[in-house]
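Structure first, commentary second.
The values are calculated or read from the model by the stated rules, or taken from the named source; none is laboratory data. The structure displayed is predicted, hence computed values, not measured ones. Note that we place each Cβ from the backbone using ideal geometry, even for glycine, and neighbour counts take in every protein chain shown. Each accessible area value is taken on the protein alone, full model and side chains, heavy atoms only, with ligands, DNA and RNA left out. Shrake-Rupley method; radii C 1.70, N 1.55, O 1.52, S 1.80 Å.
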Amino acid sequence: APPSDNENITNTAGRFNNVDVVQGYEFQKTYVVVSDRGLDQLRFFTLNQDTEQFEDITNDTVPWIFSESQEQVNEEATAYGLTTTNYGNKLTAFVSMNGQGKIAKVNIIELEDETISYEVGDILTLPVDITFCSYCDCDIFAPCCLCDENEDYADESWTACTEDDGETPQVEGMAVDPDDGTVLISQEIVGLWMTSFDDFGSADPEKLTLIDTVTDFGLNYTRIWDAEEEEYICTYEDGEEDGFGGNLVADVEGLSLYVDNDDDINGGFYVLSSQGANKFDVYSRKSFRYIGAFTISLGNDTVGHTDGVEIRNGDFGDDYPDGIIIVQDEGEDDVTNFKFASFKDVLDGLQEEDNNCDLVPTTTLPATTVLVEQTTKEADAAIQMGNHWFMICLFVIIMIYI
């Protein structure tokens with residue numbers, strides 16, 4: 001992508017942040033969708049089978065997602081996280097905002113000239129001052145049962161500590177269930193939220209549920225300005241008994257859904273990156289209860305500081321016959337690489353407990369690594385496999401990180 005120039009009103013695309021793929025209807029094409037945080041827009045690409053190059057098919061008139069002026073774009077009030085879905089036979093993207101707990105529901109439009117545009121629909125603003133018991137479900141998240149046991153908790157609220165004034169806890173990871181339209185949202189220093197496609201936009205506790213939290217949730221903290229770093233330093237107090245800390249370790253980042261309709265118990269699994277602990281947390285697709293955690297490593301090289309995670313069911317060759325998980329690994333010296341693992345190994349290693357508060361022992365999995373310098377060759381080969389649209393997504397992820 002060309003470099004961004006946000007000091008000039010003739011900005012060019014280039015600050016690509018997140019990527020997903022979605023199957024179109026009008027022209028039977030697979031679209032690669034990218035959030036461009038430099039322009040506060042979505043960009044759309046297709047793969048030219050003859051040249052094996054991506055072609056930008058974004059209409060010239062696409063609007064800003066969150067900004068109302070070029071000044072706001074320059075101040076980075078822009079698109080950040082992204083997921084797409086075909087739920088309800090509609091092309092839809094959910095896009096989060098940089099530095100804010102806001103998500104836009106974006107309607108993708110296939111135009112007659114075979115370019116792609118969109119309209120920004122409902123915007124969900126997640127609560128900042130969170131009344132925990134109002135957004136809780138004891139059947140999903142055990143700490144919520146404290147709300148029924150102690151009336152004193154009912155009106156208690158908590159606000160997460162942010163590093164800058166004017167910011168609210170940011171969202172990056174999102175996933176949409178293709179069958180029932182459930183929408184899960186990971187908020188980096190808060191936890192994991194659940195709403196639905198049809199209810200999206202409402203922060204009413206009847207339509208928004210907090211299904212897990214970060215370990216610091218509910219704790220008191222000090223917030224001191226660091227002039228050298230030009231940000232606030234948040235220090236949480238230890239030993240608090242009144243917190244509602246869950247299984248996640250901030251920041252919580254990438255989120256993906258593994259669909260398995262042959263699994264009568266869970267129907268599949270949501271997997272979320274707990275970046276602060278270099279682990280991945282797993283939830284039942286049906287009950288939304290916490291199942292366990294795992295790590296991925298290649299010898300002594302353990303995946304760390306993961307932003308992106310992608311999982312798909314299906315046969316991806318001899319090494320991944322029952323599903324694949326691909327994760328971004330920051331690696332040594334901040335050199336990004338990608339690790340592949342069989343999702344069957346993940347499932348075999350996890351043991352579901354009756355009490356969903358019990359943390360399942362971490363499972364170390366075998367994995368293969370694709371280094372950045374090798375990505376073009378590896379991705380080109382991967383495209384020849386089945387599940388074509390998924391491998392396109394992998395290819396784009398790799399190219400963004402180069």
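Quick notes
- Between Thr115 and Asp199, the C-beta separation translates, for a Förster distance of 25 Å, into a calculated FRET efficiency of about 0.20.
- Per residue, the solvent-accessible area of the range 250-332 (1.4 Å probe, heavy atoms of protein chains only, all protein chains present) comes to 35 Å².
- Three principal axis lengths of the range 262-350 [C-alpha, angstrom, descending]: 44, 31, 19
- Radius of gyration and maximum dimension Dmax of the range 139-229, Cα, Å: 15.5, 49
- A Cα-only calculation for the range 97-156 places Rg and Dmax at 19.3, 61 Å.
- For Tyr232, residues with placed amide H under 5 Å, excluding near neighbours: Asp164, Asp226
- Probe 1.4 Å, accessible area per residue of the range 110-186, Å²: 46
- The range 187-249 and the range 92-155: distance between their alpha carbon centers, rounded to Å: 13
- Over the range 192-253: Kirkwood hydrodynamic radius from C-alpha pairwise inverse distances, Å: 14.0
- Percent carbon-and-sulfur accessible area, the range 42-119, ignoring ligands, DNA and RNA, probe 1.4 Å: 37
- Portion, in percent, of the accessible area of the range 168-281 that falls on carbon or sulfur, probe 1.4 Å: 39
- Checking the cross-link pairs Lys286/Lys339; Lys102/Lys344; Lys29/Lys339; Lys207/Lys279; Lys29/Lys105 against a 31 Å limit on the alpha carbon distance flags Lys102/Lys344 as lying beyond it.
- Mean Cβ neighbour count within 10 Å, used as a protection proxy, ranking 339-350, 92-103 highest first: 92-103, 339-350
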